[in-house]
Amino acid sequence: MSGIAGLLAAYLIGAVPVGFLVARGFGIGDVRRHGSGNIGATNVLRAAGRLPALLTLVGDVAKGYLAVAAGGRVAGGDAGALAACAVAAVIGNCWSVFLGFRGGKGVATGLGAFLKIVPWAVLPAVPVWLVVTVTSRYVSLGSVLAAACVPLAALLLGRYPWASVLAAAAVAAIVTGRHHENIARLAAGTERRLGRKPPA
């Protein structure tokens with residue numbers, strides 16, 4: 001029962017819709033009615049500005065870390081429990097019970113989860129995200145490539161349990177899957193670049 005309770009705790013913490021709440025707090029209303037319709041930091045940036053976006057980013061990363069730490073502790077605290085809670089936290093973010101099982105794309109929450117289960121594997125992903133995002137201005141492309149780097153780095157480092165490596169791969173797969181529309185737009189050349197206003 002403790003394992004189920006831990007997974008449920010991780011899911012519920014991950015499901016807290018930080019961007020939705022931050023946008024409401026800044027008078028934007030339902031951020032899903034703006035821009036891409038996503039509740040993540042990038043769309044909050046477009047709809048509400050830098051401070052709300054920063055708060056959303058920090059909040060999503062923090063909840064990912066907290067979800068794994070708290071859920072994993074309830075579930076027993078071993079590597080397998082932490083790994084399972086990492087996946088549960090990202091599932092909560094992407095399919096939040098508080099938003100009718102809709103949600104974000106799991107990037108920042110996944111980062112928080114990664115920082116708990118495979119922290120050193122995050123390091124190579126940071127320059128990948130920065131270089132790709134800064135040069136291309138495609139946040140989605142940077143996010144997908146950075147997420148894919150983490151399980152590979154975790155495997156190559158050889159210091160993490162297989163459960164953690166597999167959880168990192170599962171989270172990366174969820175993040176990639178949640179970006180399927182962005183990937184289609186990237187292939188079609190219609191993906192919106194960061195800082196570019198939508199056409200009138």
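Just so it is clear, none of the values below were taken in a lab; they were calculated from the coordinates. If you're wondering where the values come from, they're calculated on a predicted model, not measured in any experiment. Note that each Cβ is placed from the backbone with ideal geometry, even for glycine, and that neighbours are counted across all protein chains shown.
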Report task. First check a/c for the stretch 108-194, with a ≥ b ≥ c the square roots of the eigenvalues of its C-alpha gyration tensor; if it is under 1.5, answer rounded, and if not, answer prolate when a/b is larger than b/c or oblate otherwise. Result -> prolate
Report summary line: Looks like the stretch 92-145, by Cα gyration tensor root eigenvalues a ≥ b ≥ c and the a/c under 1.5 rounded cutoff (else prolate when a/b is bigger than b/c, oblate otherwise), is oblate
Query raised in the report: Between the stretch 105-172 and the stretch 69-100, what is the C-alpha centre distance in whole Å?
Result: 17
Report summary line: Note, GLY71: beta-carbon cut-off 14 Å, +1 each Lys/Arg, -1 each Asp/Glu, net +2
Query raised in the report: At ARG24 and PHE101, where each label point lies 7 Å from the Cα along Cα→Cβ, what is the point-to-point distance in nanometres?
Result: 2.1
Report task. For LEU54 and ARG33, compute 0.36 nm times the residue count separating them, minus their Cα-Cα distance, and round to one decimal in nm. Result -> 5.6 nm
Query raised in the report: What number, in percent, do you get for the relative contact order of the stretch 2-188 if the mean sequence gap of Cα pairs under 8 Å and at least 6 apart is divided by its residue count?
Result: 22
Query raised in the report: With a ≥ b ≥ c the root eigenvalues of the C-alpha gyration tensor of the stretch 49-121, is it rounded (a/c under 1.5), prolate (a/b larger than b/c) or oblate?
Result: oblate
Report task. Quote to one decimal, in nm, the extra length available between LEU157 and ARG73 on full extension: 0.36 nm per residue of separation minus the C-alpha distance between them. Result -> 27.7 nm
Query - Rg and Dmax of the stretch 2-188, Cα atoms only, in Å - result: 15.6, 47
Query raised in the report: In a GNM of the chain with a 10 Å cut-off on Cα contacts, which of ALA89, ALA148, ALA108 has the highest mean-square fluctuation?
Result: ALA148
Query raised in the report: Which listed residue (ALA170, GLY27, ALA121) has the Cα farthest towards the positive end of the charge dipole for the chain, taking +1 on Lys and Arg C-beta and -1 on Asp and Glu C-beta about the Cα centre?
Result: GLY27
Query raised in the report: Taking the Cβ of ALA83 as the center, what net charge do the other residues with Cβ under 14 Å away carry, scoring Lys and Arg +1 and Asp and Glu -1?
Result: +1
Query raised in the report: Where the only charges are on Cβ atoms (+1 Lys, Arg; -1 Asp, Glu), what is the dipole of the chain about its Cα centre, to the nearest 20 debye?
Result: 640
Query raised in the report: If you plug each phi of the stretch 114-130 into the Karplus form 6.51 cos²θ - 1.76 cosθ + 1.60 with θ = phi - 60°, what whole-Hz ³J(HN,Hα) values come out, in order, with x for Gly and Pro?
Result: 4, 5, 8, 9, 9, x, 5, 6, 6, 4, x, 6, 5, x, 4, 4, 5
